[in-house]
Amino acid sequence: MDKVTFSMGGVHPHDSKYARDCAIEELPLPQTVYVSMAQHLGAPAKPVVAPGDKVLVGQVIAEPGGFISAFVHSPVSGTVKAIAPRKDLAGNPVTHVEISVEGDEWDPVIERSKSLKTSIPDDKAFILDRIKAAGVVGLGGATFPTHVKLSPPPGKVAECLIINGAECEPFLTSDYRIMVERPKEIVIGAALMQKVLGGCPCVIGIEENKPEAIQAMDAAVSLLGYPGIRVQVLKKRYPQGGEKQLIDAVMHRQVKSGGLPIDVGAVVQNVATSLAVYEAVQKNKPLITNVLTITGDQLPVSFRHNYLFRIGVPLSFIVEQAGGIPDSAAKLVSGGPMMGRAISNLDATTVKGSSSVLYLSEPVTRRRPETNCIRCGRCADACPMGLEPFLLNRLYRAGDLDALERNAAQDCIECGCCLYSCPAYIPLLDYIRQAKGQVTGVLRARAVAAKAAAEAKK
């Protein structure tokens, strides 16, 4: 089978997949969970329960707060204790529903048997409604509501469904483990989404450094026999799991600046999302669980885990279950080392898109002193979006927001390739991330002003 990859930029960090052989373990329940209302991209969900209410596992506790939003369900059974702000990973106050855990009683409509359900419903609307009702969101990082993504706007047609099994970030192994342990469910989930999209071809992209996952997924595709689904081996290259990079690799099409994947006929979903779709449609199970990797460098084997967790569990509880914080850890990171964020608050809780807790040592996290740009152009060569990070850095320092917009600063996917490749150790990603925020603020202000002006003319 020919291996493919994207056409522009990228780097090759060491895999560091230390937890790849750690089978998925079910994380025990804490005494209390705190379920965030900001589980997804878009508007936060609105609580529909009140303090004192009794809830079951899988019961709706919040409804969508807008078109781009999602239902949130209770991950435990017990009593709602409070609905109040609580700090998230970034330290921002977000509304959480606090639930005291009392046993583990599930909503009876959820089928908990391990029997495989392979029959694909004929009714597209039924499938889509189940996905929406289950609160399924993208689990590759962006947490975009899945039912919205599977509903292309008028005039747009899905020509290819791409299932993202690249997991190109170093250290992370949660996607790898579900591909090895639950490949059939992933393939059925892909077939369900394929049905919603009108039967377009489906490609499951997996990087070549995961031969066991490739074998398991290929065997599942052959065994189940759904038409139009195949596995595509990808060359190892970061950030292969980026939506636009994966489309480039699989379909050889480039999404233009400011465009969306559907503009080139693509819909991309993560393998974990596909599993969640299977559970939602075939088992009536809402998205209340996911798999999270505990790993790091200079770490004893006993500290490495892939946990099946429920949303709302404090990170401090997970760390305790995993053996505590090792002495070698200088920094804790949520997500991968390239695109993840430092954990400053262990009281923060898991959300639908949580993917890891990394323990990184001081040699890995230490930043070398920044020196002057030597104009080598390595950052531009590494940028998978075709940007010029050295130029964006200069424009940001000059405060030239118009020039930042003209040079597509908002197209940056914050992959960190520029920072990784810079021999002058300039924190390019930090500066460009701030530049993006400023440009986005200006664009939003213009949109608000334009809307106000249009309404004034009516």
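The values are calculated or read from the model by the stated rules, or taken from the named source; none is laboratory data. Being a predicted model, the structure only gives us computed values, none of them experimental. No Cβ is skipped: glycine too gets one built from the backbone with ideal geometry, and neighbour counts run over all protein chains shown. The area values use the complete protein model at the heavy-atom level, side chains included, leaving out ligands, DNA and RNA. Shrake-Rupley method; radii C 1.70, N 1.55, O 1.52, S 1.80 Å.
Quick look at the numbers
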read-out	value
Residues located in the stretch 94-116, provided they are part of a loop (DSSP other than H, G, I, E, B) and open to solvent by less than 50 Å² (accessible area, probe 1.4 Å)	Asp107, Ile110
Leading residue by the ranking (farthest from the chain's Cα centre (by Cα)) among those in the stretch 262-283 that are open to solvent by 20 Å² or more (accessible area, probe 1.4 Å) and not hydrophobic (A, V, I, L, M, F, W, C)	Asp263
Counted residues, the stretch 179-197 - those being under 20 Å from the mean Cα position of the chain (by Cα) and of a type in the set (D, E, K, R)	3
Per-region count, the stretch 176-199, residues within 24 Å of Val264 (Cβ to Cβ) and open to solvent by 10 Å² or more (accessible area, probe 1.4 Å)	6
Pairs, first within 21 Å of Pro261 (Cα to Cα) in the stretch 405-433, second among the polar types (S, T, N, Q) and open to solvent by 20 Å² or more (accessible area, probe 1.4 Å), C-beta under 6 Å, six or more apart	Ala408/Ser257; Asp411/Ser257
Filter result for the condition that a residue is part of a strand (DSSP E or B), surrounded by fewer than 17 Cβ atoms within 10 Å (Cβ to Cβ) and not polar (S, T, N, Q), over Ala125, Ala82	Ala82
Options Cys412, Cys422, Cys417: the member that is among the hydrophobic types (A, V, I, L, M, F, W, C), more than 21 Å from Ile374 (Cα to Cα) and open to solvent by less than 60 Å² (accessible area, probe 1.4 Å)	Cys412
Qualifying residue in the stretch 230-242 (condition: open to solvent by 20 Å² or more (accessible area, probe 1.4 Å) and touching a Lys or Arg at 6+ places or on another chain (Cβ under 7 Å))	yes
In the stretch 429-458, the residues that are more than 28 Å from Pro384 (Cβ to Cβ) and either of a type in the set (Asp, Glu) or at pLDDT 90 or above (or both)	Glu455
Any hit, the stretch 115-130, residues being polar (S, T, N, Q), free of Cβ contacts under 8 Å to residues at least 60 places away in the same chain and touching a Gly at 6+ places or on another chain (Cβ under 7 Å)	no
Filter pass, Leu260 being touching a residue at least 60 places away in the same chain (Cβ under 8 Å) and of a type outside the set (Ser, Thr, Tyr)	no
Residue that is touching a residue at least 24 places away in the same chain (Cβ under 8 Å), under 17 Å from the mean Cα position of the chain (by Cα) and over 28 Å from Ala82 (Cα atoms), where the choices are Thr293, Thr289	Thr293
Pairs where the first residue, in the stretch 200-219, is in contact (Cβ under 8 Å) with a residue 40 or more places away in the chain and farther than 22 Å from Asp15 by Cα and the second is open to solvent by less than 10 Å² (accessible area, probe 1.4 Å) and part of a helix (DSSP H, G or I), C-beta under 8 Å, 6+ apart	Cys202/Ala190; Cys202/Ala191; Cys202/Met193
Leading residue by the ranking (least open to solvent (accessible area, probe 1.4 Å)) among those in the stretch 16-50 that are farther than 16 Å from Ser74 by Cα and outside any loop (DSSP other than H, G, I, E, B)	Ile24
Gly91 being more than 21 Å from Leu315 (Cα to Cα) and surrounded by fewer than 21 Cβ atoms within 10 Å (Cβ to Cβ)	no
